1. Mind checking the range 27-68 for GluC sites (Glu not before Pro) that DSSP puts in a loop (not H, G, I, E or B) and that have at most 15 other Cβ atoms within 10 Å?
2. Taking the Cα atoms of the range 119-201, report the difference between the largest and smallest coordinate on each principal axis, in whole Å and largest first.
3. Cα atoms only: what Rg and Dmax, in Å, come out for the range 46-119?
4. Out of residues 5 or more away from residue 127 or on other chains, whose amide H comes under 5 Å of its own, with H placed 1.01 Å from N in the peptide plane?
5. List the pairs from 140/174; 78/189; 78/168; 16/190; 57/77; 27/200 whose alpha-carbon separation is above 22 Å, in the order I gave them.
6. Rounded, prolate or oblate, given the Cα gyration tensor of the chain, with a/c below 1.5 counting as rounded?
7. Using DSSP to define loop residues, name the GluC sites (Glu not before Pro) in the range 100-166 whose beta-carbon has at most 16 other beta-carbon atoms within 10 Å.
8. Where is the GNM fluctuation largest for the chain (alpha-carbon springs, 10 angstrom cutoff): 12, 38, 114?
Amino acid sequence: MVEHYFTERPQSEFRKERFEVDILDQKIIVNSGSGIFSLKEIDFGTELLIKNSKIPKNDAELLDMGCGYGIVGIALKKQYPHLNVTMSDINDRAIKLSRQNCDENDAECMVIKSDIFSNPELQSKKFDVILTNPPFSAGKAVCIEIIKQSKEHLNKDGLFQLVAPHNKGGESLKKIMLEVFGNVGELCKKRGYRVYISVKK
Ligand SMILES: C[S@@+](CC[C@H](N)C(=O)[O-])C[C@H]1O[C@@H](n2cnc3c(N)ncnc32)[C@H](O)[C@@H]1O
């Protein structure tokens with residue numbers, strides 16, 4: 001069976017990778033490995049999302065949906081310690097690595113294994129910010145579900161922010177965000193990638 005980074009329980013032998021990410025004036029140690037997005041370096045879209053995300057100034061609950069090895073949540077928790085950060089992913093290895101990376105980088109975050117919001121621990125939670133670099137490889141339907149279910153898990157005035165390559169799927173997800181939230185904007189665009197934002201009214 002071919003394994004993708006979104007496989008829930010990867011069976012392939014685990015080949016470890018370790019690298020440093022320099023972002024928001026911090027150095028973050030990343031333990032990554034086979035079966036994980038993105039294997040050897042931070043993804044360009046992810047970096048764009050972290051650097052351009054809109055973060056509330058006061059206490060806020062933030063969710064890093066589809067966290068991979070946890071770089072979005074960890075970088076933002078370190079930059080904005082007032083945030084309560086939760087991260088979740090369907091992939092067992094991603095969950096294990098996210099926990100390890102939180103410990104190693106002294107970032108206190110909650111890490112929950114979940115297929116979108118299906119884990120009861122996530123089902124009952126509401127957030128002020130949800131960020132995602134969505135799993136296109138898992139199919140458009142999963143990305144659309146992430147958008148729809150995120151709306152139900154945002155507090156009033158909560159922010160949903162998604163990064164994608166505009167001409168390779170992003171434009172259509174932007175339209176879905178408009179349909180679901182009734183509004184959509186762009187926080188930035190660079191090298192074909194854009195960060196889209198919708199507000200829960
Ligand atoms: C494009 S990767 C982004 C990873 C990480 N946030 C980053 O930017 O490096 C998308 C992530 O979504 C996860 N994913 C795929 N399907 C999912 C689902 N149904 N529920 C939760 N996470 C899922 C994948 O395992 C993968 O880690």
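1. Values: sites: 41, 47, 61; in loops: 41.
Listed in order of number, the matching sites are 41.
2. The Cα atoms of the range 119-201 stretch 37, 26, 19 Å along their principal axes.
3. 11.5, 33
4. Here the answer is 154, 155, since their amide H atoms fall under 5 Å of that of residue 127.
5. Numbers: 140/174 12 Å; 78/189 24 Å; 78/168 31 Å; 16/190 30 Å; 57/77 13 Å; 27/200 33 Å.
Flagged as over cut-off: 78/189; 78/168; 16/190; 27/200.
6. Numbers: a/c = 1.37, a/b = 1.23, b/c = 1.12.
Taking the square roots of the gyration eigenvalues as a ≥ b ≥ c, the chain is rounded.
7. 108
8. Evaluated over the chain, the most mobile residue of the options is 12.
Here, each number is a calculation from the coordinates, and none is a lab measurement. Worth saying up front: this structure is predicted, and the values here are computed from it rather than measured. Using ideal geometry, Cβ is built from the backbone for each residue, glycine included, and neighbour counts are taken over all protein chains shown.
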